[in-house]
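First up is the structure itself, then whatever we jot down about it.
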Amino acid sequence: MTDKKAHLTVDGLNESIELPVYSGSVGPDVIDVRALTGKGFFTYDPGFVSTASCESKITYIDGDKGVLLHRGYPIEVLAEKSDYLETCYLLLHGELPNQKQYDEFVDVITHHTMVHESISRFFQGFHHNSHPMAIMCGVVGALSAFYHDSLDINNPQHRLISAHRLIAKMPTLAAMCYKHHIGQPFMYPKNDLSYSENFLHMMFGTPCEDPKVNPVLAKAMDRIFLLHADHEQNASTSTVRLAGSSGANPFACIAAGIATLWGPAHGGANEAVLDMLEEIGDVKNIDKFIAKAKDKNDPFRLMGFGHRVYKNFDPRAKVMKQTCDEVLAELGLEDDPLLKIAKRLEQIALEDDYFVQKKLYPNVDFYSGIIMKAIGIPTEMFTVIFATGRTVGWIAHWHEMISEGFKIGRPRQLYTGYTTRDFTARDKR
Ligand code: SDX
């Protein structure tokens with residue numbers, strides 16, 4: 001914190017209002033506006049475009065420079081040198097693990113991948129064509145029904161075991177959604193597989209045959225989870241923090257985050273990108289869709305483009321594009337028609353004044369869907385994969401908030417409705 005001050009003058013007020021200004025380790029200073037309530041004012045910031053909701057040490061984003069740091073490590077470096085579970089440890093504990101800490105963490109996650117057998121009966125209540133995100137909202141929230149022994153949010157051990165259970169069980173539940181959708185039996189996790197190998201085994205293995213997971217695809221899956229792990233105070237993470245501020249249990253908070261992520265403006269964009277590319281259908285149709293995206297009267301947006309914070313390339317999109325090339329080459333799909341449309345669309349958009357002036361660049365969702373489709377994951381599962389990767393970010397922010405003390409989140413409003421008025425009897429209306 002610093003002793004810098006902001007001085008607010010308001011027409012009609014005799015004296016200016018002095019507000020503290022705080023500096024972080026990097027990034028914009030913040031103005032502490034809490035004193036305004038006592039002066040009869042609220043701040044007004046629909047969509048929280050200019051609002052810092054909390055102090056955090058987990059992730060830093062510089063949208064203008066296209067920088068993303070997890071506990072100080074650039075995402076490009078983690079994508080190249082680390083793996084998903086090591087990044088989970090980093091996000092949760094603040095430091096990279098040594099070999100002993102890493103092995104212990106992998107072991108504890110590995111031994112929490114199974115879900116209570118009763119949970120498999122939950123799936124019978126959903127139609128086979130239920131959207132898997134609808135199932136995940138329900139089943140993840142219901143996990144709290146099985147862990148009465150560790151829901152005291154003020155107990156650090158309870159917080160840690162809940163974090164481990166959520167990170168470990170999300171791939172199992174995600175794969176169960178897919179198996180239920182296609183009418184195949186659930187596959188149990190195997191403790192001799194890595195986190196991402198295990199997920200692909202539970203997705204594509206069957207009791208009749210369980211081929212060895214392709215290591216290139218497992219690495220790509222691991223990188224997709226890693227690139228989705230955390231992203232500062234995005235909509236779903238802010239939802240998890242707000243839900244957690246009421247004292248709700250971590251499983252309920254993560255279910256709230258899953259519900260928020262589902263929207264096409266947020267995590268649902270990866271599914272929407274594939275739907276859009278399939279609707280474009282051919283490179284020759286791209287100009288028509290670019291025109292629709294620029295038309296103020298047309299609600300259509302170029303899915304996978306633009307970002308509230310990034311006004312430069314999303315660094316995750318660059319790594320995702322490189323992974324996309326690797327996976328399609330491994331599978332002999334370099335000529336994938338959707339990839340051709342995506343690359344041409346990116347090239348045209350990045351040269352078009354509308355996108356250049358509005359600083360609309362490809363985001364994390366633009367290429368991820370092409371990789372997942374190539375791996376054999378159906379489009380409706382894309383946001384479930386995003387939620388699986390993001391669970392560690394959600395729970396790390398929840399853990400940070402609970403550990404460091406919090407108040408219940410309760411924003412105010414600018415009220416423009418009726419002031420007090422008399423009730424008119426119905427026969428007089
Ligand atoms: C994620 O917050 C995070 O960190 C999220 C995320 C994470 O990891 O958690 O990064 C994950 O959600 C990535 C974003 C995925 N969403 C999409 O790809 C959907 C398409 N993108 C847009 O809907 C939009 O860009 C948002 C929602 C991502 C950002 O919206 P903002 O910040 O509220 O910006 P805006 O809607 O005010 O747009 C600014 C201008 C507008 O034009 P004007 O009204 O100023 O004339 O840019 C235009 C918009 O119409 N615009 C687009 C566009 N995105 C913005 N025009 C066409 N196509 C687009 N994709």
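Which one is nearest to the ligand (Cβ to nearest atom) among residues in the range 394-410 that are part of a helix (DSSP H, G or I) and not hydrophobic (A, V, I, L, M, F, W, C)?
Per the criteria, the residue is His397.
Would you check which residues across the range 262-279 are within 8 Å of the ligand (Cβ to nearest atom) and open to solvent by 10 Å² or more (accessible area, probe 1.4 Å) and list them?
Pro264, Ala265, His266, Ala272
Return the only residue of Leu414, Leu333, Leu360, Leu350 being touching a helix residue (DSSP H, G or I) at 6+ places or on another chain (Cβ under 6 Å) and more than 24 Å from Ala134 (Cα to Cα). So that I can check it myself, show each step before the final result.
Numbers: Leu414 fails: touching a helix residue (DSSP H, G or I) at 6+ places or on another chain (Cβ under 6 Å); Leu360 fails: touching a helix residue (DSSP H, G or I) at 6+ places or on another chain (Cβ under 6 Å); Leu350 fails: touching a helix residue (DSSP H, G or I) at 6+ places or on another chain (Cβ under 6 Å).
Result: Leu333 is the single residue among Leu414, Leu333, Leu360, Leu350 that is touching a helix residue (DSSP H, G or I) at 6+ places or on another chain (Cβ under 6 Å) and more than 24 Å from Ala134 (Cα to Cα).
Consider Leu339 against the criteria (1) modelled with pLDDT of 90 or more; (2) surrounded by 20 or more Cβ atoms within 10 Å (Cβ to Cβ); (3) not acidic (Asp, Glu): it satisfies all of them except one. Which criterion is unmet?
Condition not satisfied by Leu339: (1).
Just name the residue that is nearest to the ligand (Cβ to nearest atom) out of those in the range 294-325 that are out of contact with any helix residue (DSSP H, G or I) (no Cβ under 8 Å at 6 or more places or on another chain) and part of a helix (DSSP H, G or I).
Gln322
Just to be sure before I move on: is Ser56 within 14 Å of the ligand (Cβ to nearest atom), modelled with pLDDT of 95 or more and in a loop (DSSP other than H, G, I, E, B) in the structure I sent?
Values: within 14 Å of the ligand (Cβ to nearest atom): yes; modelled with pLDDT of 95 or more: yes; in a loop (DSSP other than H, G, I, E, B): yes.
Against the criterion (within 14 Å of the ligand (Cβ to nearest atom), modelled with pLDDT of 95 or more and in a loop (DSSP other than H, G, I, E, B)), Ser56 qualifies.
What about Gly257, is it small (Gly, Ala, Ser) and within 16 Å of the ligand (Cβ to nearest atom)? Before you say what the answer is, go through the steps one by one.
Working: small (Gly, Ala, Ser): yes; within 16 Å of the ligand (Cβ to nearest atom): yes.
The answer is yes for Gly257.
For the range 347-393, how many residues meet the condition of being among the acidic types (Asp, Glu), within 13 Å of the ligand (Cβ to nearest atom) and assigned to a helix (DSSP H, G or I)? Step through it out loud before you land on a result.
Of the residues in the range 347-393, the ones among the acidic types (Asp, Glu) are 351-353, 365, 380.
This time we only want the ones that are within 13 Å of the ligand (Cβ to nearest atom), so: 352-353, 365.
Next, only the ones that are assigned to a helix (DSSP H, G or I) stay: 353, 365.
Residues meeting the conditions: 2.
Just the residues that are open to solvent by 70 Å² or more (accessible area, probe 1.4 Å) and out of contact with any Lys or Arg (no Cβ under 6 Å at 6 or more places or on another chain), please, taken from the range 53-95.
Taking the range 53-95 and keeping what is open to solvent by 70 Å² or more (accessible area, probe 1.4 Å), we get 53, 55, 57, 64-65, 73, 76, 80-81, 93, 95.
If the condition is that a residue be open to solvent by 70 Å² or more (accessible area, probe 1.4 Å) and out of contact with any Lys or Arg (no Cβ under 6 Å at 6 or more places or on another chain), then Ser53, Glu55, Lys57, Lys65, Tyr73, Glu76, Glu80, Lys81, His93, Glu95 are the ones that fit.
Quick one: in the range 236-246, of everything that is hydroxyl-bearing (Ser, Thr, Tyr) and open to solvent by less than 20 Å² (accessible area, probe 1.4 Å), which residue is farthest from the ligand (Cβ to nearest atom)?
If we filter the range 236-246 for residues that are hydroxyl-bearing (Ser, Thr, Tyr), which is where we start, we get 236-239, 245-246.
If we keep only those that are open to solvent by less than 20 Å² (accessible area, probe 1.4 Å) as well, we get 236-237, 245.
Numbers: Ser236: 6, Thr237: 7, Ser245: 19 Å.
Taking the candidates together, the pick is Ser245.
Looking at (1) within 12 Å of the ligand (Cβ to nearest atom); (2) over 12 Å from the mean Cα position of the chain (by Cα), find the lone condition where Asn249 falls short.
Result: Asn249 passes all but (1).
I'd like the full set of residues that are within 30 Å of Ile153 (Cβ to Cβ) and either surrounded by 10 or more Cβ atoms within 10 Å (Cβ to Cβ) or not charged (D, E, K, R) (or both), limited to the range 403-429. If you could, list the steps in order and put the result at the bottom.
Kept after step one, since they are within 30 Å of Ile153 (Cβ to Cβ), are these residues of the range 403-429: 403-413.
Correct list: Ser403, Glu404, Gly405, Phe406, Ile408, Gly409, Pro411, Gln413.
Does Gly332 satisfy the criteria of being more than 12 Å from the ligand (Cβ to nearest atom) and more than 20 Å from Asp222 (Cα to Cα)?
On the way: more than 12 Å from the ligand (Cβ to nearest atom): yes; more than 20 Å from Asp222 (Cα to Cα): yes.
Yes.
Checking Asp152 against (1) farther than 30 Å from Ser403 by Cβ; (2) of a type outside the set (Val, Ile, Thr); (3) surrounded by fewer than 19 Cβ atoms within 10 Å (Cβ to Cβ): exactly one of these is not met. Which one?
Exception for Asp152: condition (1).
Could you please let me know if Ala259 is over 25 Å from Gln157 (Cα atoms) and surrounded by fewer than 23 Cβ atoms within 10 Å (Cβ to Cβ)?
Numbers: over 25 Å from Gln157 (Cα atoms): yes; surrounded by fewer than 23 Cβ atoms within 10 Å (Cβ to Cβ): yes.
Against the criterion (over 25 Å from Gln157 (Cα atoms) and surrounded by fewer than 23 Cβ atoms within 10 Å (Cβ to Cβ)), Ala259 qualifies.
Looking at Pro132, is it touching a residue at least 60 places away in the same chain (Cβ under 8 Å) and open to solvent by less than 50 Å² (accessible area, probe 1.4 Å)? Before the answer, list the steps.
On the way: touching a residue at least 60 places away in the same chain (Cβ under 8 Å): yes; open to solvent by less than 50 Å² (accessible area, probe 1.4 Å): yes.
Yes: the conditions hold for Pro132.
Name every residue in the range 193-235 that is part of a helix (DSSP H, G or I), of a type in the set (Val, Ile, Thr) and either within 16 Å of the ligand (Cβ to nearest atom) or open to solvent by less than 40 Å² (accessible area, probe 1.4 Å) (or both), in order of residue number. I'd like the intermediate steps shown before the answer.
Initially, the range 193-235 is screened for residues part of a helix (DSSP H, G or I), giving 195-204, 215-227, 235.
Narrowing the set further to residues that are of a type in the set (Val, Ile, Thr) leaves 216, 224.
Within the range 193-235, just Ile224 meets the criteria.
Give the number of residues within the range 172-192 that are under 22 Å from Ser368 (Cα atoms) and either in a loop (DSSP other than H, G, I, E, B) or in contact with a Pro (Cβ under 8 Å, 6 or more places away or on another chain) (or both).
6
The values are calculated or read from the model by the stated rules, or taken from the named source; none is laboratory data. Nothing here was measured: the structure is a model prediction, and the numbers come from that model. No Cβ is skipped: glycine too gets one built from the backbone with ideal geometry, and neighbour counts run over all protein chains shown. Calculation scope for accessible area: heavy atoms of the full protein, side chains included, ligands and nucleic acids excluded. Shrake-Rupley method; radii C 1.70, N 1.55, O 1.52, S 1.80 Å.
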